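Visitor: This structure is in C-alpha cells; I'll ask about it shortly.
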Amino acid sequence: MSNVPETGAPGRPGEGGMPGLAGWEWLAGVGATLLAGALLLEPGFNFHYDWHNHQWMVGYVGEFLRAQGRLPEVLHTPAAVGMPQPIFYGFLLYPILGGLSAVTGAALALRLAVAVALLGQYFSVYLAARNAARHRGVALAVALAVTWSVHGLTNLYNRAALTEFFAVALLHGAVACGVLGVCGRTAAGRRLAGWLAVLQGTLVAGTHPPTALLATPLLGVLAVLGWRELGPGARERRWFLVAAGLGVLTLAPWIDANLRWRGELGVVGKYRDFSYSLDRVDALWARLSPLPPDVFRAEAGAPGETPYVEAPVHVVLVLLAGWCLVRARGDAITPSREEGSRFLLGLAVCGAACFVFATAASVSPSVGTTVRGLAPYVQFATRWVGVANVGLLLGVLGVAGWWAGQGAGGRRPRETVGVIVVLMALTGAGVGLKLRHGAAVREPGGESQYAVTGDRAALVTAGKADAAGDYATLRRLPQLAPAVASRAARPTLPVGAAGRNFGEVGSVVFGLPEAGWVATNVVVFPWNRVLVDGAEVPKEHRAAHDYRLALRLPAGSHRLSWVWEPDARARILRLLAQLSFAGLTLGAIVLVVRAKRDRRGPVATTPVR
C-alpha cells in the first residue's frame, strides 16, 4: 500500500491538523457498515422478541416529545402507570433515539442509529489501528473484525439486545478514541479523540448499564495509563478533565438513583449468580470458534430458544496479535525503552489481562464466582464477551503499535499482506454466515405506530409492560395474599393515547360496596404517588399486588389519581445532567470544527503503509 506521511510519532507531541482519509478508506467504512446492516435495508421487517420492546420505547419517547414538548420521566400503558425505566436503563439512548423518532418514526430511527453506531465504531477503530500499526491493511483487518463481529451481529439480529449492541459498539469506539487521544499524531486529533472517548464512554453507561459496569475497570486503567503518558502540563489533560467532569455530571441522576434503590429493584433480585448456558452459547469451544458456532449444528437452535444465539470472541484479532508476537520473536525484536513504546506495551498487557479474565468469567462459573457481587446487575455470563472483545482490541492496538514501532511492519511486506488477506477472508466468511443466521429470525413488521406517519395510539393501547416489575421497588411494601388479591377491585387509571393528551394519566371514579383492597395499575416506586379523593393513603393501608400498588379503602365512591413527584435533589441532578450532556455534545462539535480547520497544518514524517 502507498506511503502517506502523517504528523508526529506514537506517544510524541505533534501539531497541525488531523490526517485525512483516502477515498477508498471512506468507501471501505461505508461498505463494511452496509454489509453488517444489510438485513435492515429492507423496511417492514422486525427481528427477535426484544426488538419490539426497544422499538416501542423509542416510539413512545418520540411521540411523547412531539406531543408534550418534553421528554418523559416515566412510561405509561393501561397495564402499568409510572414505569421508571428511563431513570435506570437506556436513560441517554432512548431520549436520543426518541428525538429522532419524533421526526422519522421508530422503525427508521432504529435503523439510522444502527448505521451511525457501526460507522462510528468502524472509523474509530480503523484510525486507532492505522495510527498504532502504521499500516492501512492491518487497520482494515482490525476494523472489519470488530465491525463484523459475530457477537455484535447476534446482539443486533438474533437476540435483538439493541442496548447491548449499541453499548459495545460505543465501548469499542471509546477505547479506540482513548488510544488516539494519547498517541495520536496531531494535537488537534488528540484533543478531539480524547473528548470523543469520554462522550462515548458516557453513552455506554447511558445505554446499557451492565456493559458499563463490567468495563469500568478497563476504562479506569486506560485513563491512568494515558494520563501518565501525556505528562504534566499537557493541554490534553485539561481537556480530558473538563470532558470527564461533564460526563460524571451527565451520569449523576443514574448514579444517585442506583445508590438509593439498588437493593430494592425487582431486576436485582432475579439473579444471585451469573446465568450460564454451558452446553451451547457459553461453551469454551463456542467462545473460541473462528466462525459462528451454530454452523456445526444440524438444528438451528434448541427447542424454546432463539435460533443462532452465538457469542464468540474476536478470534481474528487473537490470530493477528499472535502473528505479530511470533514475527517479533523471529526477528529478535527487544522491547524499546522509549516512552511511546512503554505506553503501547502497557496497553497490550492491560488489554490481554482483561481479555483473559473476561473470557474465563464468561465460560467458567468458578471464575464468575470471584466477582459474584456483579451478578445481580449483569445477570448473563454472555455479557462478559463484549468486554473481553474490547480488551482484546486494546491488546491488539498495543501489540501492533509496538510491533510497528520497532520497524517490523516493513520487513516482510508480502507475508504481511498475505496474513491480512487470510484474516479478512475469515472475517468475511463469518459475517456471511451470521447474516444468514440473522435472516432466520426476521419477521414481518411495518406496524403503523412505528412508521413515519401512522396511528400512534397503539404506542399506548398496545404498549409494552414486560419489564415494569424490573424497576419497581418491590421490598417497599408487603405482597397481598393471592386470596385477597383475587377479591380486590381493579380500577384502571386511563392513559391518553392521541394528540396533546398522549402519555397523560387521567383520574378514575369508582365505587366500593364495602371496605376492601383496590389493586391499581400504578407501579410501586417512591416517586409514584396515588391520591384517593385528593389525599395519600397511609402506609399501613398500602401493599403490592405483584409490582403494582394496592390500597385498602373504605366503602363508598372514590376518585383515584396519580402524581409523579421526584424530590428536589433528583430534579436538580436531572437538570444538571441535561446541561452537562449538552455541553459534552457541543464540545465535540466545536473540536470537530477546529480539527477540520487545522487540517491545513504542517505535515510530518512518519509513513503509513
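Visitor: Using the Cα gyration tensor of the chain, with a ≥ b ≥ c the square roots of its eigenvalues, what is the shape: rounded (a/c below 1.5), prolate (a/b larger than b/c) or oblate (neither)?
Guide: In terms of gyration-tensor shape, prolate.
Visitor: May I pose another question? Would you mind classifying region 138-236 by shape? Square roots of the alpha carbon gyration tensor eigenvalues, ordered a ≥ b ≥ c; an a/c under 1.5 is rounded, otherwise it is prolate if a/b is larger than b/c and oblate if not.
Guide: Taking the square roots of the gyration eigenvalues as a ≥ b ≥ c, region 138-236 is prolate.
Visitor: Additional query: Calculate the FRET efficiency for Arg70 and Leu284 from the Cβ-Cβ distance with a Förster distance of 41 Å, rounded to the nearest 0.05.
Guide: Result of the calculation: an efficiency of 0.25.
Visitor: Straight-line reach only, C-alpha to C-alpha below 28 angstrom: list the lysines that Lys434 could link to, leaving out same-chain residues fewer than 8 apart.
Guide: none
Visitor: In sequence order, what are the phi-derived ³J(HN,Hα) couplings for region 154-163 according to the Karplus relation 6.51 cos²θ - 1.76 cosθ + 1.60 with θ = phi - 60°, rounded to whole Hz, with x for glycine and proline?
Guide: 5, 4, 6, 9, 6, 8, 6, 7, 5, 5
Visitor: A further question on this structure: For a quick protection proxy, order the peptides 92-105, 390-403 by their average other-Cβ count within 10 Å, most packed first.
Guide: Descending packing order for the listed peptides: 390-403, 92-105.
Visitor: Here's a follow-up. Given region 473-565, what whole percent of its Cα pairs are spread farther than 16 Å?
Guide: 53
Visitor: What is the gain in length, in nm to one decimal, between Glu443 and Ala481 on full extension, counting 0.36 nm per residue of separation less the C-alpha to C-alpha distance?
Guide: Gain in length upon complete extension: 9.6 nm.
Visitor: In which sequence would Glu310, Glu504 go, from the one with the fewest C-beta neighbours within 10 Å to the one with the most?
Guide: Fewest-to-most ranking of Glu310, Glu504: Glu504, Glu310.
Visitor: With +1 on each Lys and Arg Cβ and -1 on each Asp and Glu Cβ, and nothing else charged, work out how big the dipole of region 473-565 is about its Cα centre, in Debye to the nearest 20.
Guide: Using Cβ point charges on Lys, Arg, Asp and Glu, region 473-565 gives about 180 debye.
Visitor: Can I ask one more? Which order do Lys434, Lys539, Lys596 fall in if you start with the one that has the fewest other Cβ atoms within 10 Å?
Guide: Placing the least packed residue first, the sequence is Lys539, Lys596, Lys434.
Visitor: Looking at the square roots a ≥ b ≥ c of the eigenvalues of the Cα gyration tensor of region 51-162, which shape do they give, rounded for a/c under 1.5, prolate if a/b is larger than b/c, or oblate?
Guide: Taking the square roots of the gyration eigenvalues as a ≥ b ≥ c, region 51-162 is prolate.
Visitor: In nm, give the distance between the simple-model label positions of Ala535 and Leu41, each being 7 Å from the Cα along the Cα-to-Cβ direction.
Guide: Label at Ala535, label at Leu41, 6.7 nm between them.
Visitor: Let me ask another. Note down the relative contact order for region 473-565 as a percent, whole number, built from C-alpha pairs under 8 angstrom at least six residues apart.
Guide: After rounding, I find 36 percent.
Visitor: Under 12 Å from the Cβ of Val363, count the other residues' Cβ atoms, weight Lys and Arg +1, Asp and Glu -1, and hand me the total.
Guide: Summing Lys and Arg as +1 and Asp and Glu as -1 gives 0.
Visitor: Provide the FRET efficiency to the nearest 0.05 for the Arg262-Ser366 pair, computing r from the beta carbons and using R0 = 22 Å.
Guide: Once the sixth-power term is evaluated, E becomes 0.25.
Visitor: At a Förster radius of 30 Å, what calculated FRET efficiency corresponds to the Cβ-Cβ distance of Ala353 and Arg228, to the nearest 0.05?
Guide: E(calc), rounded to 0.05, equals 0.95.
Visitor: Next up: Ranked from highest to lowest mean number of other Cβ atoms within 10 Å per residue, what is the order of the peptides 213-225, 47-59, 127-139?
Guide: 127-139, 47-59, 213-225
Visitor: If you place +1 on the Cβ of every Lys and Arg and -1 on the Cβ of every Asp and Glu, how big does the dipole about the Cα centre of the chain come out, in debye to the nearest 20?
Guide: Rounded to the nearest 20 debye, it is 1540 debye.
Visitor: Based on other C-beta atoms within 10 Å, arrange Val387, Val590, Val315 from fewest to most.
Guide: Listing Val387, Val590, Val315 from fewest to most nearby Cβ atoms yields Val590, Val315, Val387.
Bear in mind these aren't lab numbers, they're just calculated from the coordinates by the rules spelled out. Owing to the predicted nature of the structure, the values given are computational and were not obtained by experimental measurement. Note that we place each Cβ from the backbone using ideal geometry, even for glycine, and neighbour counts take in every protein chain shown.
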